[in-house]
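The values are calculated or read from the model by the stated rules, or taken from the named source; none is laboratory data. Everything numeric here is computed off the predicted structure, so don't read it as measured data. Glycine gets a Cβ as well: all are built from the backbone with ideal geometry, and neighbour counts include every protein chain shown.
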Amino acid sequence: MDDTDNNEIQLHTENTPLISTPAQVDDDEEKGNKTLDDNNDTSSILEDILDTFYLAVPIFISRVSYVGMKTTDTALLGHVSGHALSAAALSDLYTMCTGVLIQGRVLGIIVGQAIGAGNKQLALVYLRISFLILGVLSIFVMISWSFTEQIWIWLGQDSDIAKDAGYYSMIFILSIPPRLGFSQLSQYLSAQRIMKPEVYTSLIALLCNLILGFVLVLGIPFGNGYGFKSCPIVTVVVIWCQCIILFSYWIKSGDNTASDSSSPSQAPYSPNKPSQWISIWTEQITMERIRTYTDLYFPAALAISSDFWRMGVIGAIAARLGETEVGLFNASYRILWITLIFIGSLSGASGIKIALRLGKGKALKARQAAAVGLALQLLFLLTLSLIVYCNIRMFGQLFTNDESYLDLFEECRLPFTCVLFFMNLSVGIETIPISMGQTGNVFYAGFVASWFGQVPFVILLVHLWQDLYAIYTGVAVGYCILTIIYGWLAYSSDFVKYSDMARKRAEQ
């Protein structure tokens with residue numbers, strides 16, 4: 001077959017309606033598979049690999065900056081006092097129970113599919129809808145955080161530490177609006193492959209948090225700092241500045257007033273026309289679009305919440321084994337988070353490419369992006385797992401120098417490495433159905449694997465072995481089950497069908 005014939009087949013496949021009659025679907029799939037085989041040359045795959053890295057690097061920098069801010073806060077409080085560190089830990093433990101409800105990241109899916117379909121005005125409308133829905137949810141979250149002190153006293157904590165935990169949470173209530181604003185706007189921009197603003201603002205936030213923390217919390221180099229009371233204030237101020245900088249860029253770029261020129265039925269929005277302020281709410285933000293957003297958002301938010309609550313239960317089981325076991329379990333979980341930065345960056349880049357291509361109607365190219373992304377994640381994950389397994393003691397020394405902790409960690413390196421591998425792999429595979437909009441299926445799969453697989457296995461094995469090895473083994477088995485379910489969900493998904501659904505969601 002010469003290049004001319006190959007190009008004709010490709011153009012026919014990409015421009016033919018994705019779903020009509022069953023016979024046409026079969027015909028298109030046959031031609032599409034032939035096209036994929038013909039186009040599956042080294043250069044095409046190489047371009048996808050390079051483009052995935054191009055998107056993954058800024059995502060990686062942003063995630064490192066976020067983890068760096070959390071680590072900075074922990075380190076600063078650790079140098080203030082053990083009491084301060086414990087109070088902040090209690091605050092974080094409670095606030096995350098409800099904070100996860102406003103962390104469902106689905107806006108990028110809708111925006112990517114809308115942009116891919118050429119409907120940028122709709123992407124802007126869904127950004128406003130996300131502000132509306134999450135703004136309402138955040139009220140519930142703010143109210144719940146205000147009861148941190150009372151909850152910990154009710155659970156039997158010392159009144160002094162509960163009071164400081166309550167203060168920490170009350171200050172962080174002020175961070176909820178800018179965190180929501182930054183999160184949603186960064187998703188909106190990243191889904192359009194606009195990555196630099198988030199990278200720059202994240203690095204600025206990390207640097208400011210570090211400098212202000214040293215000066216105001218620890219008093220370096222000018223003398224005594226303000227200690228525990230100033231730490232959450234510093235972080236909240238930095239979060240507000242980060243959000244303001246990103247929004248300033250967005251407003252200055254004029255993107256907030258952009259309209260889709262390819263959709264003449266949609267009149268351009270102008271902030272100088274007061275009549276259009278009302279039309280945003282009465283015409284553009286419709287109940288159907290709100291339902292589209294919530295149908296995707298709530299399963300995703302519940303999936304994240306279920307994951308957090310499940311690990312909380314497992315942490316409580318570890319606490320029953322002893323102080324050493326729970327301390328090591330919590331420290332090792334941070335190692336999992338560090339490796340997840342690498343795999344999450346690659347999966348995030350893959351998700352952006354999948355959503356854009358589904359919106360464009362390029363189902364086969366979306367499948368190729370998914371395959372390339374997953375292959376890269378698997379390659380990196382195998383390397384990371386081998387490094388951690390062979391250097392488990394060195395990684396443990398990042399958090400403790402206690403030889404008894406390190407000896408126990410080394411004894412558990414096999415099941416812990418399995419946890420690391422299957423947890424990261426499940427997150428990588430999960431991106432594929434989520435980018436298609438299958439948040440409901442992802443929630444059900446995660447719920448079944450977690451509460452009917454992982455938690456029961458942990459309880460059973462701990463009952464039999466009574467050690468940390470049992471906990472890691474049970475967690476690994478649960479993540480293995482989840483990986484298999486996600487793998488089947490991704491493998492069996494009809495990319496043509498979900499591309500058609502994505503274009504309908506983008507109102508094309």
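Considered as a group, the residues in region 142-176 that are of a type in the set (Phe, Trp, Tyr) and modelled with pLDDT of 90 or more include one that is surrounded by the most Cβ atoms within 10 Å (Cβ to Cβ), and that residue is Tyr168.
Scanning region 425-457 for residues being among the aliphatic types (A, V, I, L, M) and within 19 Å of Thr52 (Cβ to Cβ) gives a total of 6. Are there any pairs, at least 6 apart or on different chains, whose C-beta atoms fall under 8 Å, with the first in region 147-175 and closer than 12 Å to Pro232 by Cβ and the second modelled with pLDDT under 95 and among the acidic types (Asp, Glu), and if so, which? Matching pairs, first to second residue: Ala165/Glu149; Gly166/Glu149; Tyr167/Glu149; Ser169/Glu149. Can you tell me which residue within region 471-490, out of those that are aromatic (Phe, Trp, Tyr) and more than 20 Å from Leu460 (Cβ to Cβ), is surrounded by the most Cβ atoms within 10 Å (Cβ to Cβ)? The extreme case among them is Tyr486.
In region 216-242, what residues are part of a helix (DSSP H, G or I) and of a type outside the set (A, V, I, L, M, F, W, C)?
First pass over region 216-242, keeping only residues part of a helix (DSSP H, G or I): 216-218, 227-242.
Across region 216-242, the qualifying residues are Gly227, Lys229, Ser230, Pro232, Thr235, Gln242.
Taking the conditions (1) under 26 Å from the mean Cα position of the chain (by Cα); (2) more than 20 Å from Gly213 (Cβ to Cβ); (3) at pLDDT below 85 in turn, Thr21 satisfies each one other than (1). Taken over region 193-221, residues that are surrounded by fewer than 20 Cβ atoms within 10 Å (Cβ to Cβ), aliphatic (A, V, I, L, M) and under 18 Å from the mean Cα position of the chain (by Cα) amount to 2.
In region 59-77, the condition of being within 22 Å of Ala371 (Cα to Cα), at pLDDT 75 or above and out of contact with any strand residue (DSSP E or B) (no Cβ under 9 Å at 6 or more places or on another chain) is met by at least one residue. Checked against (1) at pLDDT 85 or above; (2) exposed (fewer than 15 other Cβ atoms within 10 Å of the Cβ), Phe247 meets all criteria but (2).
Any residue in region 295-303 that is at pLDDT 85 or above, touching an Asp or Glu at 6+ places or on another chain (Cβ under 9 Å) and surrounded by 12 or more Cβ atoms within 10 Å (Cβ to Cβ)? Scanning region 295-303, I find at least one residue that is at pLDDT 85 or above, touching an Asp or Glu at 6+ places or on another chain (Cβ under 9 Å) and surrounded by 12 or more Cβ atoms within 10 Å (Cβ to Cβ), so the answer is yes.
Give me the residue from region 416-459 that is over 20 Å from Ala363 (Cα atoms) and of a type in the set (Gly, Ala, Ser) and, out of that set, farthest from the chain's Cα centre (by Cα). Top of the filtered list is Gly453.
Given the residues Asn441, Asn424, which is the only one that is in the same structural domain as Phe308 (by TED's automatic domain parsing) and surrounded by fewer than 20 Cβ atoms within 10 Å (Cβ to Cβ)?
Asn441
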